[in-house]
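Read the figures in this text as sums done on the coordinates, not as results from a lab. In this text the structure is predicted, and so the values were computed from the model without any measurement. Note that each Cβ is placed from the backbone with ideal geometry, even for glycine, and that neighbours are counted across all protein chains shown.
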Ligand code: HEC
């Protein structure tokens, strides 16, 4: 996201970010599997709600994948305004999972 923000700040070509966004989609498609039952202790910011409200966590993640696909479409369009707006939306979607499911830095 920092690398993509640099493209926005420099008014670069949004199309150069397509591969990075594709990587993010791949990462989030496999994200819930990184939180198997019983893995919530130790050095982690993962909150217990990931397991007590699994459906909510999976929904937040599915929303992320959907938003990243929209972000990718905006990037591929080459339209800087649409790309910038989609970046904001994407950041909000990250936060929509962090608020209920990620604890404070430790
Ligand atoms: C479905 C939920 C979910 C979504 C969506 C999500 N995250 Fe997270 N994120 C987490 C959880 C849970 C952790 C804590 C994991 C741990 O500590 O084991 C985390 C941790 C992180 C960390 C590491 C923080 C540290 O402790 O070093 C970063 C960076 C991060 N997320 C960035 C993002 C960005 C950027 C996005 C959006 C593109 C995003 N996340 C979307 C749930 C999510």
For region 45-106, with equal point scatterers placed on the C-alpha atoms only and solvent neglected, what are the log10 I(q)/I(0) values from the Debye formula at q = 0.19 1/Å, to two decimals?
-> -0.71
Could you work out how far helix 80-101 tilts from the main Cα principal axis of the chain, as a 0 to 90 degree angle to the nearest 10?
-> 10 degrees
Angle, helix 18-29 long axis vs. longest principal axis of the chain, Cα atoms, 0 to 90°, nearest 10?
-> 20 degrees
Cα-projected label distance for residue 22 with residue 89, points at 7 Å along beta-carbon direction, nm = 2.1 nm
Relative contact order for region 39-106: what is it in percent, counting Cα pairs under 8 Å that are at least 6 residues apart?
-> 48 percent
Gaussian network model of the chain, Cα within-10 Å springs - most flexible of 12, 38, 56 = 38
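In what sequence do 65, 7 fall when counting other Cβ within 10 Å, fewest first? Could the numbers behind the result be given before it?
Details: 65 16, 7 20.
Ascending number of Cβ neighbours within 10 Å: 65, 7.
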